[in-house]
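Each remark here refers to the structure printed beneath this line.
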Amino acid sequence: FSGVNAALFANGWVPGGVIVPGPGGPLLPPPIANAQRKTYAVELPSTAPLMAQADILVAALNQVNARHGKEPVTLIGHSAGGVVSRMALVRGGGRGVVRLITIASPHLGTERALEALDATHEGGPIGIVKNVFGGRDYRVVKDSWPVLLDLSPAVPGNVLYWLNAQPHPQIKYFSIVRAAPFGLGDLLVPGFSQDMNNVPQLAGRNTTYAVPAGHALTPADGGMVANLMR
């Protein structure tokens with residue numbers, strides 16, 4: 001719905017379908033015939049901890065490598081997906097990957113995660129009222145506690161702090177950072193957290209592009225990603 005896939009298709013990238021988790025491992029869609037440039041989407045359990053999502057992504061990357069051999073792979077992640085992608089690389093999923101592109105990703109965490117955890121805490125009688133009247137969005141945030149804990153600001157002892165201290169593969173890194181308003185990021189993730197140059201292990205190894213947009217994906221992201229892959 002974002003228009004990213006349409007923009008990639010307009011630039012010669014043929015959609016190969018969605019890779020979904022299965023009981024015996026990720027299930028790939030049927031191979032594309034005679035397509036030199038292919039894209040896959042990977043279905044991840046978005047409320048699960050980062051490490052659980054990353055392990056599913058590693059398995060999907062292994063399946064893609066098994067199908068396409070030595071073809072170079074670009075890994076692209078939006079929001080938490082960018083952090084999951086980086087976690088997958090650190091946890092051994094980098095075979096065949098030549099570049100990582102992240103879009104509006106909270107690499108250093110976000111205070112919004114803490115606010116969401118606090119808003120859905122159900123201690124005492126107020127918590128009962130929240131649970132009864134919170135509605136669907138409230139329940140989705142409540143179910144997202146595992147990933148929200150992982151996306152809290154990086155401090156010693158938490159997952160993001162550990163991830164940011166790990167050696168990263170020697171590939172190309174690109175951060176697409178939301179620049180509105182005034183270069184401060186978007187409503188969910190501050191700009192400095194979206195820039196992988198602020199990750200200790202990636203300082204000076206990442207190229208940053210500032211884009212005046214909100215947190216959500218847009219067709220312009222698809223065009224920028226296509227240019228970076230070119």
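Brief remarks on what is shown
- Portion, in percent, of the accessible area of the chain that falls on carbon or sulfur, probe 1.4 Å: 63 percent
- Förster-model FRET efficiency, 35 Å R0, Val141 and Glu71, C-beta, rounded to 0.05: 0.35
- Solvent-free Debye calculation, one equal scatterer per alpha-carbon of segment 158-228: log10 I(q)/I(0) at 0.13, 0.14, 0.21 Å⁻¹ equals -0.41, -0.47, -0.96.
- The chain: angle of helix 219-229 to the longest principal axis, Cα-based, in degrees nearest 10: 50 degrees
- Shape call, segment 1-84: gyration tensor on alpha carbons, a/c limit 1.5: oblate
- Span from the segment 188-223 Cα centroid across to the segment 53-105 one, whole angstrom: 17 Å
- Segment 1-90 - percent relative contact order, Cα under 8 Å, separation 6 or more: 23 percent
- Gyration tensor (alpha-carbon) shape descriptor, the chain, a/c threshold 1.5: prolate
- Degrees between helix 50-68 axis and first principal axis of the chain (Cα, 0 to 90, nearest 10): 10 degrees
- Angle between the chain longest axis and helix 80-90 axis [Cα atoms, degrees, rounded to 10]: 60 degrees
- Probe 1.4 Å, protein heavy atoms only - accessible area per residue of the chain in square angstrom: 51 Å²
- Amide H to amide H distances under 5 Å link Arg37 with Val14, where only residues 5 or more positions off or on other chains count and H is placed in the peptide plane.
- Gain in span if fully extended, Arg230 to Val98, counting 0.36 nm per residue against the direct Cα distance: 46.3 nm
The values are calculated or read from the model by the stated rules, or taken from the named source; none is laboratory data. Everything numeric here is computed off the predicted structure, so don't read it as measured data. Ideal geometry is used to build each Cβ from the backbone, glycine not excepted, and the neighbour counts take in all protein chains shown. Ligands, DNA and RNA are excluded from the accessible area calculation, which covers all protein heavy atoms including side chains. Shrake-Rupley method; radii C 1.70, N 1.55, O 1.52, S 1.80 Å.
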